[in-house]
Each structure stands twice: as C-alpha cells, then as structure tokens.
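Engineer: Supplied in structure tokens, the structure appears directly below.
All of the numbers you see were taken from the coordinates with simple rules; none came from a lab. Here the structure is a predicted model, which is why all the values come from computation and not from measurement. Note: ideal-geometry Cβ built from the backbone for every residue, glycine included; neighbour counts use all protein chains shown.
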Amino acid sequence: MNNNWSWETFMDALPFVLQGLWITVSLTITCYLFALLFGFVWTFLRRIPNRFFNWIVTWVMEFIRSTPPLVQLFFLFYAWPMIPGIGVTLSPFTSAVLGLGIHFSTYIGEIYRSGIDSIDKGQWEASKALNFSTVDKWRRIILPQAIPPTVPMLGNYFIIMFKEVPLASTIGVAGIMLMANSYGAQNWSYLEPLTIVGIIFLVLSYPSAVLIRKLEIKLNTRFDKNAAIK
Amino acid sequence: MNAIIEIFPQLARGLHVTITVLLASAILAYLMAFIAGLCRLSQNIFIRKFTGFYVEVFRGTSLIVQLFWLYYAIPMLFGIQLGSNWWTGVIAIGLNYGAYLSEVVRGSILSVAKGQSEAATALNMSRFQRMRLVIFPQAVRMMLPEFGNYTIQMLKGTSLVSLIGMTDILYYGDILRSSNLSQAPIVYLLVLVFYFILALPLIWLTRKGERISKKGVANG
C-alpha cells in the first residue's frame with residue numbers, strides 16, 4: 001500500500017470512477033420516480049376506511065421504514081429468487097430500484113398524507129356540494145392544492161436518495177462507489193478513488209440542497225400570502 | 001419453524017456488536033450535535049465557518065462513502081491504527097449523524113421566540129446564563145422528536161459496519177446465506193425482524209418525545 005496521498009493516482013482514478021457516474025445518476029432518478037409513484041399507493045391504502053386494515057398498513061410502513069435499506073436490498077437480490085412460487089431473479093439495477101424505491105416510498109407517502117391533511121375541510125365540502133366525481137375531486141381540487149407545498153420536502157428526499165444509492169454497489173450496481181472500490185482493489189490504493197467519490201457527491205448534492213432551500217423560501221412566501229387572504 | 005429456531009441464535013451472536021456500535025455512535029453524534037450546533041451560532045466567524053464546513057461535508061456525502069473513506073484513510077494519512085474497525089464504524093456513524101443533528105440543535109435554538117432572549121437580557125442575565133437558563137431548556141424539548149428519528153436512522157446505519165468486516169447481525173446473516181442459498185429468504189427476513197425489534201423501543205421513545213415537545217406549548 002502506498003503510504004501517502006498521490007496526485008498521480010488521483011488523476012489516474014478520476015476517469016475510471018467517472019465511468020460510473022451515469023449509472024449512479026440514472027439509478028437515483030429511477031428510484032426516485034418509483035418512490036414518488038409508490039408513495040401514492042401507501043397514501044391510498046391508508047385512506048381505506050377499515051381500522052384493522054389501516055393498522056396493518058401503518059405497521060408494514062413502519063417496518064419498512066425502520067429496518068436497514070441495505071438488508072432490504074440483500075433480501076431482494078439474494079432471497080427473492082429463492083422464494084418458491086413467486087421468486088424471480090432480479091438484476092442488481094432492478095433490485096436497487098425496488099429496494100430503495102419501496103424504502104423511500106414510505107417516507108414519501110407520509111409527505112403526501114401531510115399535504116392532503118392540510119387541505120381545508122371546506123374544500124372537501126365544496127367539491128361535494130358542486131357534485132364533483134371522486135376522480136374530479138382529487139384531480140381538480142385536492143391534489144393541485146396538496147402537492148405544491150410538499151415540493152421542497154419531496155426535493156429533499158431526492159438528495160437523500162442520491163446519497164443512499166451507493167448502497168447498491170454492495171449488490172453489484174456499477175455506480176461510482178463500485179468503480180472506486182474496484183479501482184482500489186486493482187491498484188491497492190483506495191484513498192484517492194474514494195476521495196473522488198466524496199467530492200462528486202459534495203459537488204452534486206450541495207448545490208441541489210441550496211436550490212431546494214431557495215425554492216422552499218419562495219413557496220413559503222407564496223403560501224403565507226394565501227393564508228393572509230384567507 | 002425448525003429453520004427459525006436454528007437461525008435465531010446464530011444471528012443473535014451479532015447482537016452485541018450492533019447494539020454497542022449504536023450506543024457509542026449515538027453518544028458521539030449527540031455530543032457532536034451540541035458542539036457543532038452551538039458553534040454554528042457562535043459570534044466568531046472562524047468557528048462558524050469551520051463547523052459549517054464539517055456539517056456540509058458530512059451531510060453532503062453519504063455514510064457508506066465516509067465509512068469506507070475513514071476505513072482506508074485514517075491509517076494511511078495519519079499513520080494511526082485505531083485498533084479496531086469498531087472505532088471506524090462508530091466515528092463514521094457518529095460524525096455523520098452528528099452533522100445532521102447539529103442542524104436540529106441550531107434550528108431549535110433559533111426557533112425559541114425572540115422575546116425570551118430579550119426578556120432574559122432585560123433581567124440582566126449574561127449571554128451564558130441566557131442560553132443555559134432560558135433558551136436551552138425550551139429548545140431541547142423541541143429537539144426530542146428529531147433526535148428520536150435520527151437515532152432510528154443510526155440503527156439502520158449500523159448495518160453498514162458489516163461491510164468493513166464487523167461481526168454484526170447482518171454479517172452473520174450473510175454467512176448463513178452463503179452457506180445455504182435456499183435459506184436466504186428466512187435468514188434475511190429474520191435479520192429484518194431483529195432490526196425491527198431493536199427499533200421498536202426507539203419508535204416508542206420518538207412518539208413520547210413528540211408528545212413532550214408539544215405539551216404546554218401554545219400553537220402558533
């Protein structure tokens with residue numbers, strides 16, 4: 001093992017690690033879209049008016065949320081194909097999308113719920129009084145008001161998701177993390193490639209965090225104004 | 001059923017590693033949270049910027065990267081052997097969540113109504129007294145639910161130490177899986193159940209924290 005930091009290794013590792021960037025970014029986006037969609041499933045399931053069913057859904061969500069995503073990935077990748085009857089072999093990428101997607105969908109479902117709960121009772125009553133169908137009520141009245149205030153929170157989860165994606169390197173998704181580790185294994189110098197990974201994360205996540213903070217301020221003023229009119 | 005009885009004690013061998021890593025990294029994270037949270041409110045611009053740098057670096061990169069980085073970098077850059085991977089895991093998790101929690105500490109202190117510190121000034125309290133007697137006790141209550149949530153996150157984070165060769169619950173799960181592939185579903189399901197059982201008291205404490213933080217506080 002070389003003892004010190006070497007810029008030569010750094011420059012050598014840089015293009016190698018960057019090869020994984022596209023996979024990391026596309027995995028993040030796919031996972032996130034999956035979580036956004038699946039979040040609606042949870043929100044829908046929790047609205048079914050049956051106390052027992054509701055209790056089960058709540059605890060299933062709690063279970064998914066409070067157990068490690070890493071183990072969930074292993075479960076999908078190694079264990080799922082072994083389950084008789086329903087088991088199918090999943091590619092590393094698909095396992096990661098399902099695993100991380102479902103994990104974060106439980107958080108995103110809660111965000112949707114908080115948005116829907118914040119809608120004034122009068123809005124529900126008005127849509128009933130105006131004889132809106134269920135689909136129209138949700139599409140034209142409830143969701144257009146419920147979703148925009150949750151956008152900054154949803155945006156934060158995009159960044160959180162981005163930072164969880166390197167977990168997928170453990171099941172063989174060739175993102176920047178796996179690239180750095182395999183460079184390390186080939187050349188027996190892990191420090192430089194891992195530093196590159198850290199820098200890439202910092203460079204991509206910090207500006208997005210700043211952007212979301214700005215968005216939040218903008219939205220807050222907008223919705224506060226509405227509140228003042230009310 | 002037999003399989004469960006066989007696997008359960010195998011996994012339980014990793015329990016003490018998971019729990020000790022969780023406890024130690026939680027203590028480190030809480031400590032870092034208060035130190036960094038208060039430093040970011042310091043009047044000294046150098047201290048403020050320096051802690052800001054720490055917080056942004058650890059929040060901006062992911063835990064698994066930090067863990068591996070520390071694992072390889074500490075012995076290489078500083079020539080120190082920490083003695084065990086246990087410390088590497090604790091330091092990585094502690095510093096990472098300490099950075100997140102410092103934002104909670106900072107936010108809670110800033111959200112204590114301004115009239116409170118003005119009243120304390122009017123009562124001729126020093127800056128330190130103001131913080132210790134008036135602001136801090138009110139802020140701590142607000143922090144409780146988030147501290148609970150992040151402790152659950154830390155529990156989930158401890159599963160990563162198996163990647164640097166620590167013998168935690170997941171490590172034994174992986175060993176069982178590789179010895180008998182068809183067992184994988186039941187093994188990983190049990191690993192998940194183990195983590196969930198460990199999380200239950202934390203979930204309960206978080207809910208209790210939520211109640212305490214709301215009690216006796218006027219809304220709006």
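Engineer: Starting at the first residue of the stretch B:88-96, write each ³J(HN,Hα) from the Karplus equation 6.51 cos²θ - 1.76 cosθ + 1.60 with θ = phi - 60°, in whole Hz, x for Gly and Pro.
Structural biologist: 4, x, 4, 5, 4, 5, x, 5, 5
Engineer: Compare A:VAL17, A:VAL71, A:VAL151 in a GNM of chain A, Cα atoms joined below 10 Å, and give the one with the largest fluctuation.
Structural biologist: Among A:VAL17, A:VAL71, A:VAL151, the largest mean-square fluctuation in the Gaussian network model of chain A belongs to A:VAL71.
Engineer: Moving on. Contour minus end-to-end for A:ILE48 and A:GLN19, with contour as 0.36 nm per residue of separation and end-to-end as the Cα-Cα distance?
Structural biologist: 5.8 nm
Engineer: Across all directions of projection, what mean area in square nanometres is found for the Cα convex hull of chain B?
Structural biologist: 15.5
Engineer: Which value in Å does the Kirkwood hydrodynamic radius of the stretch A:14-80 take, with 1/r averaged over all unlike C-alpha pairs and then inverted? The partial results should precede the final answer.
Structural biologist: Details: mean 1/r = 0.0686 Å⁻¹.
About 14.6 Å, per the Kirkwood formula over Cα pairs.
Engineer: Taking a virtual spin label 7 Å from the Cα of A:LEU215 along the C-beta vector, which residues in the stretch A:91-107 bring their backbone nitrogen under 19 Å of it?
Structural biologist: Only A:101, A:104-107 fall inside the zone, counting backbone N under 19 Å.
Engineer: State the dimensionless ratio Rg/Rh of the protein assembly as shown (Rg: radius of gyration of Cα atoms; Rh: Kirkwood radius).
Structural biologist: Working: Rg = 23.7 Å, Rh = 24.1 Å.
Checking Rg against Rh, the ratio lands at 0.98.
Engineer: When we measure straight from the Cα of A:LYS128, which lysines land under 25 angstrom away, once same-chain ones fewer than 8 places off are left out?
Structural biologist: A:LYS137, A:LYS230
Engineer: Rounded to the nearest Å, what's the spacing between the alpha carbon centres of the stretch A:149-163 and the stretch B:110-161? Just the number, please.
Structural biologist: Distance between centres, Cα-based: 25 Å.
Engineer: How far apart, in nm, are the 7 Å Cα→Cβ label points at A:GLN123 and B:LEU110?
Structural biologist: Result: 2.8 nm between the two label points.
Engineer: Can you report the principal axis dimensions of the stretch A:73-131 using only the alpha carbons, biggest first, rounded to whole angstrom?
Structural biologist: Principal-axis extents of the stretch A:73-131 (Cα, largest first): 53, 22, 15 Å.
Engineer: How high is the FRET efficiency between A:ILE29 and B:ILE45 when r is their beta carbon distance and R₀ equals 30 Å, given to the nearest 0.05? Spell out each step's value before the answer.
Structural biologist: Numbers: r = 38 Å, r/R0 = 1.28.
Step by step, r from the Cβ atoms, then E = 0.20.
Engineer: Can you give the Rg to Rh ratio of the stretch B:1-61, both from alpha-carbon atoms, with Rh computed by the Kirkwood formula? Don't jump to the answer; show the numbers that get you there.
Structural biologist: Details: Rg = 19.7 Å, Rh = 14.5 Å.
Rg/Rh: 1.35.
Engineer: If every alpha-carbon in the stretch B:107-220 counts as one equal scatterer, what log10 I(q)/I(0) does Debye give at q = 0.12, 0.18, 0.19 1/Å?
Structural biologist: After summing over all Cα pairs, the log10 values are -0.62, -0.92, -0.97.
Engineer: In addition: Computed on alpha carbon atoms, what radius of gyration and Dmax characterise the stretch B:61-160, expressed in Å?
Structural biologist: Just the Cα atoms of the stretch B:61-160 yield Rg and Dmax of 18.6, 54 Å.
Engineer: Given B:ILE35, B:ALA73, B:TRP87, which one lies farthest toward the positive end of the charge dipole of the stretch B:16-165, if we put +1 on the Cβ of every Lys and Arg and -1 on the Cβ of every Asp and Glu?
Structural biologist: Among B:ILE35, B:ALA73, B:TRP87, the one farthest towards the positive end of the dipole of the stretch B:16-165 is B:ILE35.
Engineer: Express in whole angstrom the spacing between the alpha-carbon centres of the stretch A:171-212 and the stretch B:13-37.
Structural biologist: 25
Engineer: Explain nothing, just compute: Karplus ³J(HN,Hα) = 6.51 cos²θ - 1.76 cosθ + 1.60, θ = phi - 60°, for every residue of the stretch B:141-155 in order, whole Hz, x for Gly and Pro.
Structural biologist: Here the 3J(HN,Hα) series is 4, 5, 6, 3, x, 5, 4, x, 4, 6, 5, 5, 4, 5, 4 Hz.
Engineer: What list of ³J(HN,Hα) couplings, whole Hz, do you get for the stretch A:66-78 from phi and the Karplus terms 6.51, -1.76, 1.60, once you set θ to phi - 60° and write x for glycine and proline?
Structural biologist: With coefficients 6.51, -1.76 and 1.60, one gets 9, 10, x, x, 4, 5, 5, 4, 4, 4, 5, 7, 9 Hz.
Engineer: Could I ask something else about it? Label B:LEU200 and B:LEU15 with points 7 Å out from Cα along Cα→Cβ: what is the distance between them in nm?
Structural biologist: 1.2
Engineer: If one computes P(r) from the Cα atoms of the stretch A:1-115, what percent of pairs lie at distances over 17 Å?
Structural biologist: That fraction is 66 percent.
Engineer: Quick check on packing: order A:91-100, B:13-22, B:168-177 by the mean number of other C-beta atoms within 10 Å, highest mean leading.
Structural biologist: Numbers: A:91-100: 21.3, B:13-22: 18.7, B:168-177: 23.4.
Final packing ranking: B:168-177, A:91-100, B:13-22.
Engineer: Find how much the distance from A:PHE40 to A:TRP188 grows on full extension, using 0.36 nm per residue of separation minus their present alpha carbon separation; answer in nm with one decimal. Don't jump to the answer; show the numbers that get you there.
Structural biologist: Values: separation 148, 0.36 × 148 = 53.28 nm, distance 4.58 nm.
That pair, A:PHE40 and A:TRP188, stretches by 48.7 nm at full extension.
Engineer: For a quick check of your reading of the filter: which chymotrypsin sites (Phe, Trp or Tyr not before Pro) in the stretch A:1-52 sit in a DSSP loop and have no more than 16 other Cβ atoms within 10 Å?
Structural biologist: Working: sites: A:TRP5, A:TRP7, A:PHE10, A:PHE16, A:TRP22, A:TYR32, A:PHE34, A:PHE38, A:PHE40, A:TRP42, A:PHE44, A:PHE52; in loops: A:TRP5.
In loop regions of the stretch A:1-52 (DSSP not H, G, I, E or B), the sparsely surrounded chymotrypsin sites (Phe, Trp or Tyr not before Pro) are A:TRP5.
Engineer: Could you give me the radius of gyration and the Dmax of the stretch A:49-103, taking only the C-alpha atoms into account and expressing both in angstrom?
Structural biologist: 13.2, 38
Engineer: With contacts defined as alpha carbon pairs under 8 Å and 6 or more residues apart, what's the relative contact order of chain A in percent? Present the calculation step by step, with values, prior to reporting the outcome.
Structural biologist: On the way: 229 pairs, mean separation 72.8, N = 230.
RCO, chain A: 32 percent.
Engineer: A:ILE56 versus A:SER133, label points 7 Å from Cα toward the beta carbon: distance in nm?
Structural biologist: My value for the distance between the label points is 3.0 nm.
Engineer: Across chain A, how large is the tail of the calculated P(r) beyond 32 Å, expressed as a percent of all Cα pairs?
Structural biologist: Details: 9340 of 26335 pairs.
For chain A, the share of Cα pairs beyond 32 Å comes to 35 percent.
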